[in-house]
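Accompanying notes for the structure given below.
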Amino acid sequence: MAVQESTRQESDTGAINEPYSGYLLRDVPSADAEITHTDPGTPMGELMRRYWQPVCLSEELKDLPKAVRVLNEDLVAFRDNSGEVGILHRHCSHRGTSLEYGIVSEGGLRCCYHGWLFAPDGTILETPGEPPDSRLKDSFRHGAYPAREHMGLVFAYMGAPGEEPEFPIFDTYEEPDDRMVPYSVWHDCNWLQVQENIMDPIHACFLHMTMSGQQLSESFAGMPELEFYETEGGSGMLFVTSRRVGERIWVRTNHALLPNFLQIGPIFPRTNMSTYFARVGNTRWCVPIDNNQCVLMGWRHFSDLVDPEGQGREELCGPNSIDLFGQDGNRTYEERQREPGDWEALIGQRSIAVHALEHLGVHDAGVTMLRRLLREAVRSEIPDAVASAQRGTGGPHINTFTQDAVLKIPPSGGDDRTLLQEVGREVFDTVMESVSYFGDERRAFVRERYQEMERSA
Ligand code: FES
Ligand SMILES: [Fe+2]
């Protein structure tokens, strides 16, 4: 059962409210470490380590190892000569040389300095400078994490041994005719502000439609009716936006799973004809590199349903590159100043956004909800629902809730905003009720309900 979040914000108390008050307002409090810091041993760092996290793209592992930094840990990823992927602590356990300068070899990665050979599981296979009867290599292991590849992404499990979760397979990986293209995008800021961005859907009306040119399709221009919902057991949250587009109502639901997974609806939605259950344009994890940098990693989705006019550019998706305006730091500073996009807005919130200096309004309820859920998750034993939401539900794969519905429901003559809210809630209820169906059955269930809504309009 979903719980609706209150949109009421507490008013500030003791706020300074006088002109030229810079001198009085110059102190910058420290960041909200509990939910922003992810070093080993921190509450959020340990929560993140409970889940498989993407660390690089498969295409980045060829004949050279790749240095990666994940959750404040320096690692090296490689693919050995048999094709197996390994993720090791970066510094050699002999005398500390970085294994990014190592040689990809048969069965593992060989350090350049004295030739020690490390298997993907951290077993030390050879110490060639030692005497033949040396037992040194058998007396300890090098740090290693389990790795897994899926559809062009390399994932690591960096949590405690023996508590490795099932690898999650989400239903959207099996949408008909959908092509999933891996990508990554670096951000010079903390992970949380990047994750929060999608739970702040109102920014689309401003940043993407009026402040900085028109970066999205016309349908995003109008202020939507907006609601936020928490999913069962605090495992995640959704926003529901409902907009009037002529005779139709466009309802988008975007779903975030704790701690750092999120799916975004179609990037180029078609809103001039009825659309039933168009799923995901972007599947992504926001992975901390350290406390001051993060990387978005995931897949762009391309199909006739989520990109009917073929506006996406698959060939632009790859390492630190995505086919969407303003989403990476690859433009010149002047270009980014003149036409800022999400990347500029997010890194512009400081290296780590300072929550204590914010003045949140009614439409920031999604940001508030996400922070509350994360705080609850790190303060308690991880609720079963949080842990299980990414670990399988007993069905063939894990159903998620991001989708678009465009339904022919003309204005009724009454208050249209009330109608938008009602339709939004019915779409939300339908999507939530569909969770017990899978694949074609789920699509048919939702389609039938949407068509019934159109018939009774
Ligand atoms: S430092 Fe790596 S083998 Fe000596
Ligand atoms: Fe945005």
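The values are calculated or read from the model by the stated rules, or taken from the named source; none is laboratory data. Because the structure is a prediction, the values reported are computed rather than measured. A quick note on method: Cβ atoms are made from the backbone with ideal geometry, for glycine too, and the neighbour counts reach across all protein chains shown.
Numerical summary
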| read-out | value |
| --- | --- |
| Flag if THR368 is away from ligand 2 (no atom under 16 Å from the Cβ) and in contact (Cβ under 8 Å) with a residue 24 or more places away in the chain | yes |
| Leading residue by the ranking (farthest from ligand 2 (Cβ to nearest atom)) among those in the stretch 120-143 that are within 31 Å of the chain's Cα centre (by Cα) and surrounded by 19 or more Cβ atoms within 10 Å (Cβ to Cβ) | HIS142 |
| Cβ-Cβ under 6 Å pairs, at least 6 apart or on other chains, the stretch 326-354 side closer than 19 Å to LEU192 by Cα, far side among the charged types (D, E, K, R) and away from ligand 1 (no atom under 16 Å from the Cβ) | GLY326/ASP342; GLN327/ASP342; TRP343/ASP328; GLU344/ARG336; ILE347/ASP188 |
| Residue list for the stretch 152-174, filter: crowded, with 16+ Cβ neighbours inside 10 Å and touching a Gly at 6+ places or on another chain (Cβ under 9 Å) | LEU153, PRO168, ASP171 |
| Those residues of the stretch 207-248 which are in a helix (DSSP H, G or I) and more than 22 Å from the chain's Cα centre (by Cα), in sequence order | GLU218, SER219 |
| Neighbours by Cβ (under 6 Å, 6+ apart or cross-chain): first from the stretch 88-113, farther than 20 Å from ALA156 by Cα; second modelled with pLDDT under 95 and not β-branched (Val, Ile, Thr) | GLU106/ASN81 |
| Subset of the stretch 289-312 [assigned to a loop (DSSP other than H, G, I, E, B) and either under 19 Å from PRO266 (Cα atoms) or among the hydroxyl-bearing types (Ser, Thr, Tyr) (or both)] | SER303, ASP304, LEU305, VAL306, ASP307, PRO308, GLU309, GLY310, GLN311, GLY312 |
| Filtered residue count, the stretch 29-48, keeping only those that are of a type outside the set (Asp, Glu), out of contact with any Asp or Glu (no Cβ under 9 Å at 6 or more places or on another chain) and part of a loop (DSSP other than H, G, I, E, B) | 5 |
| Test result for ASN197, away from ligand 2 (no atom under 16 Å from the Cβ) and either in contact (Cβ under 8 Å) with a residue 12 or more places away in the chain or closer than 21 Å to ILE322 by Cβ (or both) | no |
| Checklist (1) more than 16 Å from ligand 1 (Cβ to nearest atom); (2) part of a loop (DSSP other than H, G, I, E, B); (3) more than 28 Å from THR42 (Cα to Cα) applied to THR172, failing item | (2) |
| Scan of the stretch 293-336 for residues that are charged (D, E, K, R), surrounded by fewer than 17 Cβ atoms within 10 Å (Cβ to Cβ) and modelled with pLDDT of 95 or more, ordered by number | ARG313, GLU314, GLU315, GLU334, GLU335 |
| Every pair of residues 6+ apart whose Cβ atoms lie under 7 Å, when the first sits in the stretch 133-149 and is over 23 Å from ALA160 (Cβ atoms) while the second is assigned to a loop (DSSP other than H, G, I, E, B) | SER134/THR127; LEU136/THR127; LEU136/GLU130; LYS137/THR127 |
| Among residues of the stretch 313-343, those that are touching an Asp or Glu at 6+ places or on another chain (Cβ under 9 Å), in a loop (DSSP other than H, G, I, E, B) and more than 16 Å from ligand 2 (Cβ to nearest atom), counted | 4 |
| Test for ASP290: is it away from ligand 2 (no atom under 16 Å from the Cβ), crowded, with 19+ Cβ neighbours inside 10 Å, assigned by TED's automatic domain parsing to the domain that holds THR241 and within 28 Å of GLY152 (Cβ to Cβ) | no |
| Some residue of the stretch 250-273 being in a strand (DSSP E or B) and modelled with pLDDT under 95 | yes |
| Qualifying residue in the stretch 187-200 (condition: assigned to a strand (DSSP E or B), touching a Gly at 6+ places or on another chain (Cβ under 8 Å) and modelled with pLDDT of 95 or more) | yes |
